[in-house]
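Student: Before I ask anything, let me first share the structure, which is written out below as structure tokens.
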Amino acid sequence: MATRTAEKSDDEMEPVNSVELSGRVSGEPEVRVLPSGDDLVTLRLVVARPAGGPVDTIDLACWSKASRRSATRLSDGDHVHVTGSLRRRFFRTAGGAASRYEVEVTKLARRRVSASA
């Protein structure tokens, strides 16, 4: 006798905000101390699309001590693997309110890339 698994409705599904990326660091990480006194390290990750298409440039924000320490050891061109969560940040500019998406990094690891890659 076959059993049928009930599918969850959208209202019953657990929310998931998990990002996993592999790519190349673009530029040097930027270390900042915010007015609140919190430390922040930001950097950009270039992720190639499949089949040699265009690339995506993604902003990364490292808030935890471990992710900040890992990020400050990176240089332009390093290959990394990142896990984290997608965040939308709101801020004001001279032109008015603006927003941008970034990945809040929970884990950042340098990857070794073979010479043939």
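Student: Dipole of the chain (Lys/Arg Cβ +1, Asp/Glu Cβ -1, origin at the Cα centre): which of Ser99, Gly84, Leu74 lies farthest to the positive side?
Tutor: Comparing the listed Cα positions along the dipole, Leu74 ranks first.
Student: Going by C-beta contacts inside 10 Å, put Val105, Val33, Val16 in order with the fewest on the left.
Tutor: Numbers: Val105 27, Val33 9, Val16 6.
Final ranking by Cβ density, sparse to dense: Val16, Val33, Val105.
Student: Using the basic label-point model (7 angstrom from Cα toward the beta carbon), what is the Ser18 to Asp76 distance in nanometres?
Tutor: 3.5
Student: Tell me the label-point distance for the pair Thr83, Glu28, using the 7 Å Cα-to-Cβ offset, in nm and rounded to one decimal.
Tutor: 3.1
Student: Right, next: May I ask you to sort Leu74, Leu60 by Cβ crowding, counting other Cβ atoms within 10 Å and putting the fewest first? Write down the numbers at each step before the final one.
Tutor: Numbers: Leu74 17, Leu60 24.
Starting with the residue having the fewest Cβ neighbours, the order is Leu74, Leu60.
Student: Could you pull out which residues in segment 29-52 have an amide N less than 12 Å from a spot 7 Å beyond the Cα of Arg111, following the Cα-Cβ vector?
Tutor: Hits in segment 29-52 for Arg111 at 12 Å: 46-50.
Student: Using the 10 angstrom Cβ neighbour count as an exposure proxy, how do Lys107, Lys65 rank, fewest first?
Tutor: Details: Lys107 13, Lys65 9.
Least crowded to most crowded, the residues run Lys65, Lys107.
Student: How compact is segment 19-111 by the rule of thumb for globular proteins, expressed as Cα Rg over 2.2 N^0.38 Å? Let's see the in-between values first.
Tutor: Numbers: Rg = 13.6 Å, N = 93, 2.2 N^0.38 = 12.3 Å.
The reported ratio for this selection is 1.10.
We did not get these values from a lab; they are worked out from the coordinates using the rules stated. Everything numeric in this text was worked out from a predicted model, so none of it was measured. So basically every Cβ, Gly included, is an ideal-geometry build from the backbone, and we count neighbours across all protein chains shown.
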